[in-house]
Amino acid sequence: MSITGLTASKFAREAQLPPVAREITEFEAPPVTFDPSKDEAWVVGPQIFSFVQGVTAERREMISTSALFASLAADAATQGIKSAAWYTAYSNALTNLGWVLQQTTRRSFDQEHTGSKVHEAVIEFIAALGVGGAALTIITAALKAMQKVSDNKPWITLFDRQTRSEDITGFQVGLVEQKAEGDFQVKLMSFSLKLAQINTQVLFIDFATFGVHMDSIGSTVTVSDAVLKEALPALKERLKAYVRSYVSKVKLPPLP
């Protein structure tokens, strides 16, 4: 089926979303405002998106809104169990909203990486996909900022809440850059962890302490501006009850 603005809008209006849990409605995040003049990182449900300076505010909003909607649609389709089925539902939702997944790379990490931490394996995989420069600097800074905060920080609390599901934790990392020719491209990485036990701040556990297996999927994605622009009003209407509770800006340290 050809994806158009009309089909994307229809999907945005009709796709099933999970109910807003009481604990989520009680969580208050600051209003979402994107600044195209700055490098930014945002927690968007089970995802961390970094935006390089120059990516327009409109595109930042479209990426964050559609990615949040896709994650919620996947939660509803799989009862929130972040497994291979969850990733398939998530990818299908993105496709229905105008995302086109290009080449894909898969990689696994196991406990033989003794002494490493999960977030270090994440950065290693991102770099292996050819991501460098400002995009890699931002996501590295965001992960380090998240590692250092206390448990009462809104965005690490939000991220932990949205990524933990029994002994399987799924999360996404998106890196968004504005190409010189004006193209809109995203590097999207999905990670699934099988842990020996649940722990707080799931990205920052030691392999030497906990049994860990991590599967990684990296894709280069092109995004249709026209399709997402047409679907955006319907997406924003459906997400009114969710956005403030699922999206929060990561406070980055000074970048080099």
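The values are calculated or read from the model by the stated rules, or taken from the named source; none is laboratory data. The model shown is predicted, which means the values in this text are computed figures rather than measured ones. Because the Cβ atoms are built from the backbone with ideal geometry, glycine has one as well, and the counts that use them run over all protein chains shown. Side chains included, ligands, DNA and RNA excluded: accessible areas come from the protein's heavy atoms. Shrake-Rupley method; radii C 1.70, N 1.55, O 1.52, S 1.80 Å.
Structure notes:
Conditions (1) at pLDDT below 65; (2) of a type in the set (Gly, Ala, Ser); (3) touching a Gly at 6+ places or on another chain (Cβ under 8 Å); (4) open to solvent by 30 Å² or more (accessible area, probe 1.4 Å), marked per residue:
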position: Ile139; (1), (2), (3), (4): no, no, no, no
position: Met146; (1), (2), (3), (4): no, no, no, no
position: Lys153; (1), (2), (3), (4): no, no, no, yes
position: Ile156; (1), (2), (3), (4): no, no, no, no
position: Thr169; (1), (2), (3), (4): yes, no, no, no
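- Contacts under 6 angstrom Cβ, first residue in region 60-76 being part of a helix (DSSP H, G or I), partner polar (S, T, N, Q) and open to solvent by less than 10 Å² (accessible area, probe 1.4 Å), 6 or more apart: Ala67/Gln47
- Within region 199-243, restricting attention to residues that are modelled with pLDDT of 90 or more and acidic (Asp, Glu), the residue that is surrounded by the most Cβ atoms within 10 Å (Cβ to Cβ) is Glu230.
- Consider region 1-17 and keep the residues that are in a loop (DSSP other than H, G, I, E, B) and in contact (Cβ under 8 Å) with a residue 60 or more places away in the chain. The one that is surrounded by the most Cβ atoms within 10 Å (Cβ to Cβ) is Ala15.
- Contacts under 9 angstrom Cβ, first residue in region 106-135 being within 16 Å of Thr220 (Cα to Cα) and at pLDDT below 80, partner small (Gly, Ala, Ser) and open to solvent by 30 Å² or more (accessible area, probe 1.4 Å), 6 or more apart: Arg107/Ala128
- Evaluation of Glu26 against (1) more than 15 Å from the chain's Cα centre (by Cα); (2) at pLDDT 90 or above (one fails), failing number: (2)
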